[in-house]
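The values are calculated or read from the model by the stated rules, or taken from the named source; none is laboratory data. Remember, it's a predicted structure, so these values are computed and weren't measured experimentally. Ideal geometry is used to build each Cβ from the backbone, glycine not excepted, and the neighbour counts take in all protein chains shown.
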Amino acid sequence: MAGKILRGAAASATGRGQSIVEVAVAFPVLLMVALGLLQFALFYHAQNVVTGAVQDGARVAATEDRTLEDGVVVARTLLGAGLGQSAGRVTVRAIDRGDSIALEAQGSLRMIIPWVADATLPLWARSVASKERFRVGSGG
């Protein structure tokens, strides 16, 4: 009877030890997956902010009584509101193409993964808007 009790205690200790090893192996993997998902969500958000800012900036710059600089200012303001300090890593430029305006933004987003030294993900967007012009026509 005493032998059965000792064997049961040893089996219980072995099971606990195995559980600790399994947790020690699985936890880092789960942590990396969670950080990867968070990084993807942050990148997706940042890319959407850059795209929206460039689209609104191009629309403003293409308005008849506005300038290219007005469009760039609008885009920079939206980038600052959506990205915070990361907006400083994004440059915006406007191009007058005759009948249309193009706004481009290019920059990078720092990764949150702590063991990757200063790694970044690229951010880029371009939007083209036709210039707004009111023409007096023959009315036909």
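Candidates Arg59, Arg7, Arg76, Arg66: the one that is surrounded by 10 or more Cβ atoms within 10 Å (Cβ to Cβ), modelled with pLDDT under 90 and out of contact with any Asp or Glu (no Cβ under 7 Å at 6 or more places or on another chain) is Arg7. In segment 106-136, which residues are without any contact (Cβ under 8 Å) to a residue 24 or more places away in the chain, surrounded by 14 or more Cβ atoms within 10 Å (Cβ to Cβ) and either closer than 15 Å to Gly52 by Cα or not small (Gly, Ala, Ser) (or both)? Of everything in segment 106-136, just one residue is without any contact (Cβ under 8 Å) to a residue 24 or more places away in the chain, surrounded by 14 or more Cβ atoms within 10 Å (Cβ to Cβ) and either closer than 15 Å to Gly52 by Cα or not small (Gly, Ala, Ser) (or both), namely Gln106.
Scanning segment 113-140 for residues that are outside any strand (DSSP E or B) and closer than 20 Å to Ala87 by Cβ, which turns out modelled with the lowest pLDDT? Working first, answer last.
In the first step, residues of segment 113-140 are kept if they are outside any strand (DSSP E or B); the result is 113-119, 131-140.
The next check asks that each one be closer than 20 Å to Ala87 by Cβ; those that pass are 118-119.
Working: Asp118: 79, Ala119: 88.
Step by step, filter segment 113-140, then rank; the result is Asp118.
Within segment 87-100, restricting attention to residues that are of a type in the set (Lys, Arg) and under 22 Å from the mean Cα position of the chain (by Cα), which residue is surrounded by the fewest Cβ atoms within 10 Å (Cβ to Cβ)? This residue is Arg93. Applying the set (1) small (Gly, Ala, Ser); (2) in a loop (DSSP other than H, G, I, E, B); (3) within 23 Å of Gly36 (Cβ to Cβ) to Gly82 leaves exactly one unmet item: (2). Restricting attention to segment 97-112, the residues that are part of a loop (DSSP other than H, G, I, E, B), farther than 30 Å from Met32 by Cβ and of a type outside the set (D, E, K, R) add up to 1.
When Leu83, Leu103 are checked against the criterion of being within 30 Å of Pro28 (Cα to Cα), surrounded by 20 or more Cβ atoms within 10 Å (Cβ to Cβ) and modelled with pLDDT of 95 or more, Leu83 stands alone in meeting it.
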